[in-house]
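Chemist: Handing you this structure, nothing more for now.
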Amino acid sequence: YEIAGYDEFRHLSSTKVTKDKLVDTALRTMERFDGAQDTPWYTLYPELDRAYPGSKFIHVVRDTDAWFESARANFADYSNSIHSYIYGSAYPEGNELGWKTVYNEHNRSVREYFKSRPTDYFHVKLEDIESSAELIARFVEFEGNTPEWPHVNRREERELIGSGKSLV
């Protein structure tokens, strides 16, 4: 089972980003993957839904302030055209209201989009995700023992990788 992430869009991070470029990259990428997560995948749910009827969408949310603090910690000085396209500014620092507004509106619009499709949509809070592993496994019709929920993309791991030191 292969999941696409941000890396498939890295080539766009320093160019003028358009919805068409994101959608084109996403649809070409999904030919090689079973799922997707991270920026900017979450903005493309209507296009992915149309391209892959019957797909399952897991919507992970968190408290807005906690989400923003994570964004600030991860992207404080990381100029990115994709963030500019999504949030209207490259950096969260100094743009808190704008970033939070986009985040909250996105969460509202996803819930609205899937409101009549509970078999295609699963909503879970980040802090509940580990205890929801069995429910998520059933939702995606995973057969077998429910695996432990992996916690990836921890700040400590990113800092260690950035330092050139080994995780092992």
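Chemist: Can you give the longest run of the chain that contains no chymotrypsin sites (Phe, Trp or Tyr not before Pro) sitting in a DSSP loop with at most 12 other Cβ atoms inside 10 Å? Could you put the intermediate results ahead of the total?
Modeler: Working: sites that count: Tyr1, Tyr78.
In short, 79-168.
Chemist: If you don't mind, another one. Full extension from Arg108 to Ala73: what is 0.36 nm times the residue separation minus their Cα-Cα distance, to one decimal in nm? Before the final figure, lay out the partial values.
Modeler: Working: separation 35, 0.36 × 35 = 12.60 nm, distance 2.42 nm.
This chain segment gains 10.2 nm when fully extended.
Chemist: Solvent-accessible area per residue for the chain at a 1.4 Å probe radius, Å²?
Modeler: Values: 10790 Å² over 168 residues.
Here the residues of the chain average 64 Å² of exposed surface.
Chemist: Quick one: putting +1 on the C-beta of Lys and Arg, -1 on the C-beta of Asp and Glu, what dipole do you get for the chain around its Cα centre, in Debye to the nearest 20?
Modeler: Values: 21 positive and 29 negative charges, 97 e Å.
So the dipole magnitude of the chain works out to roughly 460 debye.
Chemist: Between segment 42-72 and segment 1-34, how many Å separate their Cα centres?
Modeler: A separation of 15 Å, based on Cα centres.
Chemist: Also: Cα-Cα over 27 Å: which of Lys21/Lys56; Lys16/Lys125; Lys21/Lys125; Lys16/Lys56? Could you put the intermediate results ahead of the total?
Modeler: Working: Lys21/Lys56 23 Å; Lys16/Lys125 33 Å; Lys21/Lys125 30 Å; Lys16/Lys56 30 Å.
Where the Cα-Cα span goes over 27 Å, the pairs concerned are Lys16/Lys125; Lys21/Lys125; Lys16/Lys56.
Chemist: Can you pull the one-decimal nm distance between simple spin-label points at Glu134 and Arg117, each 7 Å off the Cα toward Cβ?
Modeler: 2.9
Chemist: Output ³J(HN,Hα) for segment 41-52: one whole-Hz value per residue in order, computed from phi by the Karplus curve 6.51 cos²θ - 1.76 cosθ + 1.60 with θ = phi - 60°, and x for Gly and Pro.
Modeler: 3, 4, 7, 9, 4, x, 5, 5, 4, 5, 6, 10
Chemist: DSSP loop GluC sites (Glu not before Pro) in segment 77-149 with at most 11 other Cβ atoms within 10 Å of their Cβ, which ones? Don't skip to the answer; put the middle values down first.
Modeler: Working: sites: Glu93, Glu96, Glu105, Glu112, Glu127, Glu130, Glu134, Glu141, Glu143, Glu148; in loops: Glu93, Glu141, Glu143, Glu148.
Hits after loop and neighbour filter: Glu141, Glu143, Glu148.
Chemist: Figure the gain on full extension for Ser14 and Ala66 (residue separation times 0.36 nm, minus the Cα-Cα span) and round it to one decimal in nm. If you can, show how the numbers build up before the last one.
Modeler: Details: separation 52, 0.36 × 52 = 18.72 nm, distance 2.72 nm.
Using 0.36 nm per residue and subtracting the Cα-Cα distance, I get 16.0 nm.
Chemist: Count neighbours as other Cβ atoms within 10 Å of each site's Cβ, and list the GluC sites (Glu not before Pro) in segment 1-78 that are DSSP loop with at most 16 such neighbours. Kindly include the intermediate steps, with their values, before the conclusion.
Modeler: Values: sites: Glu2, Glu8, Glu31, Glu47, Glu69; in loops: Glu2, Glu31.
Loop-located and lightly packed - Glu2, Glu31.
Chemist: What percentages make up the Cα-Cα pair-distance distribution of segment 1-94 when the bins are 10 Å wide from 0?
Modeler: P(r) over segment 1-94, rounded to whole percents: 14, 47, 33, 6, 0.
Chemist: Oh, and also: Out of residues 5 or more away from Ile58 or on other chains, whose amide H comes under 5 Å of its own, with H placed 1.01 Å from N in the peptide plane?
Modeler: Here the answer is Phe122, since their amide H atoms fall under 5 Å of that of Ile58.
Chemist: Can you divide the C-alpha Rg of the chain by 2.2 N^0.38 Å and report the result to two decimal places?
Modeler: 1.07
The values are calculated or read from the model by the stated rules, or taken from the named source; none is laboratory data. Only a predicted model underlies this, so the values are computations on that prediction, with no experimental measurement involved. Positions of Cβ are backbone-derived with ideal geometry, glycine not excepted, and every protein chain shown enters the neighbour counts. What goes into the accessible areas is simple: the full protein's heavy atoms, side chains included, and nothing from ligands, DNA or RNA. Shrake-Rupley method; radii C 1.70, N 1.55, O 1.52, S 1.80 Å.
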